[in-house]
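Here's the structure we're looking at; comments come further down.
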Amino acid sequence: MRTFGLIGYPLSHSFSQKYFTEKFEREKITDAVYKLFPLKSINEFESLIKNNPDLLGLNVTIPYKEQIIPFLTELDETAKAVGAVNCIKIYRHSSLVPFTFTGYNTDVYGFSQSIKPFLESHHERALILGTGGASKAVEYCLKQIGLDTYKVSRTKNDSDTKKFTYSELNKNILNSFTLIVNTTPLGMYPNVDEMPPIPYEYLTPKHFLYDLVYNPEETAFIKMGKRMGSVTMNGLNMLHLQADKAWEIFCS
Ligand SMILES: NC(=O)c1ccc[n+]([C@@H]2O[C@H](COP(=O)([O-])OP(=O)(O)OC[C@H]3O[C@@H](n4cnc5c(N)ncnc54)[C@H](OP(=O)(O)O)[C@@H]3O)[C@@H](O)[C@H]2O)c1
């Protein structure tokens, strides 16, 4: 049986297995299965590959999108430019080198396709909350679309002039950044009451809040945006788009 799956830790929040299992049923793909592989450490990656000889493709989620890179044989152009991988095609060989891996980033496709139809001319500058693997894909997309992007982090880095800490955010900053993308796991199941610590009182109907988190469907971040009349979107469409792109890569 062709085996595909998801690595990350924890994986209780993920909809990927449900999405692929339903896709296989719908499209009558009977020779494939999609499994969850929670890895407590990325060092378990190689034994996972050795112990699962039918494994041909993996998706990668929090917290391994960057940590996985040293284990891969090569990266495609987009993954290299972004510096994060969320999709791995596994090649099995009957030679001295039994397997090789190519890393891709399908979050770029999922995020840009999902956000583009909803961007308006006043969305010129974006705050990206979080500085992990997904934030790199979001930054790459928004820059390609032509938006000015700043990151928001819990930690200060004086050499990075395009980065705020949460405590630096104020009315002026929120007035000039009308797109705010949450790429932190705050609010993700089971910690559904958490939300990024931004000054929500300065949000307006001109603001667009995009939450990469999709479980729960309406996060505390999205609820606060709605309360202020802002436009909101969760990460469910992005999840489906990046998964379909990953399937294309697995089957190519
Ligand atoms: N919808 C989709 O298709 C999709 C795709 C990709 C990711 N996601 C979701 O996006 C989230 C991030 O994924 P990722 O792979 O980028 O994870 P990651 O590499 O671990 O990065 C998460 C970042 O969030 C910030 N962060 C972590 N814990 C925090 C906390 N307690 N408070 C404030 N900030 C915190 C950190 O930035 P600082 O240290 O700089 O603060 C960290 O670098 C996850 O919930 C994931 O499920 C969804």
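All of 100, 131, 155 fail the test of being in the same structural domain as residue 82 (by TED's automatic domain parsing) and touching a Ser or Thr at 6+ places or on another chain (Cβ under 8 Å), apart from 100.
What number of residues within segment 166-210 are near the ligand (Cβ under 9 Å from one of its atoms) and of a type in the set (A, V, I, L, M)? Residues meeting the conditions: 2.
Out of segment 126-143, which residues are closer than 14 Å to residue 163 by Cβ and either of a type in the set (Asp, Glu) or more than 11 Å from the ligand (Cβ to nearest atom) (or both)? Result: 126, 127, 139.
No other residue among 146, 187, 229 is within 17 Å of the chain's Cα centre (by Cα), modelled with pLDDT of 95 or more and on the phi > 0 side of the Ramachandran plot apart from 187.
The residues of segment 219-244 that are hydroxyl-bearing (Ser, Thr, Tyr) and either near the ligand (Cβ under 10 Å from one of its atoms) or farther than 20 Å from residue 191 by Cβ (or both), listed by number, are 219, 230.
Just to be sure, is residue 74 in contact with a strand residue (DSSP E or B) (Cβ under 6 Å, 6 or more places away or on another chain) and of a type in the set (Asp, Glu)?
yes
The single residue among 59, 52 that is more than 15 Å from the ligand (Cβ to nearest atom) and under 17 Å from residue 5 (Cα atoms) turns out to be 52.
Taking the stated definitions as given, is residue 84 part of a helix (DSSP H, G or I), outside the structural domain of residue 210 (by TED's automatic domain parsing) and surrounded by 21 or more Cβ atoms within 10 Å (Cβ to Cβ)? Judged against the criteria, residue 84 is not a match. Just the residues that are surrounded by fewer than 17 Cβ atoms within 10 Å (Cβ to Cβ), more than 21 Å from the chain's Cα centre (by Cα) and of a type outside the set (S, T, N, Q), please, taken from segment 34-70. Of everything in segment 34-70, those that are surrounded by fewer than 17 Cβ atoms within 10 Å (Cβ to Cβ), more than 21 Å from the chain's Cα centre (by Cα) and of a type outside the set (S, T, N, Q) turn out to be 44, 46, 48, 50, 53, 54.
The values are calculated or read from the model by the stated rules, or taken from the named source; none is laboratory data. Quick caveat, the model's predicted, so the values are computed rather than measured. With ideal geometry, Cβ positions are generated from the backbone for all residues, glycine too; neighbour counts draw on all protein chains shown.
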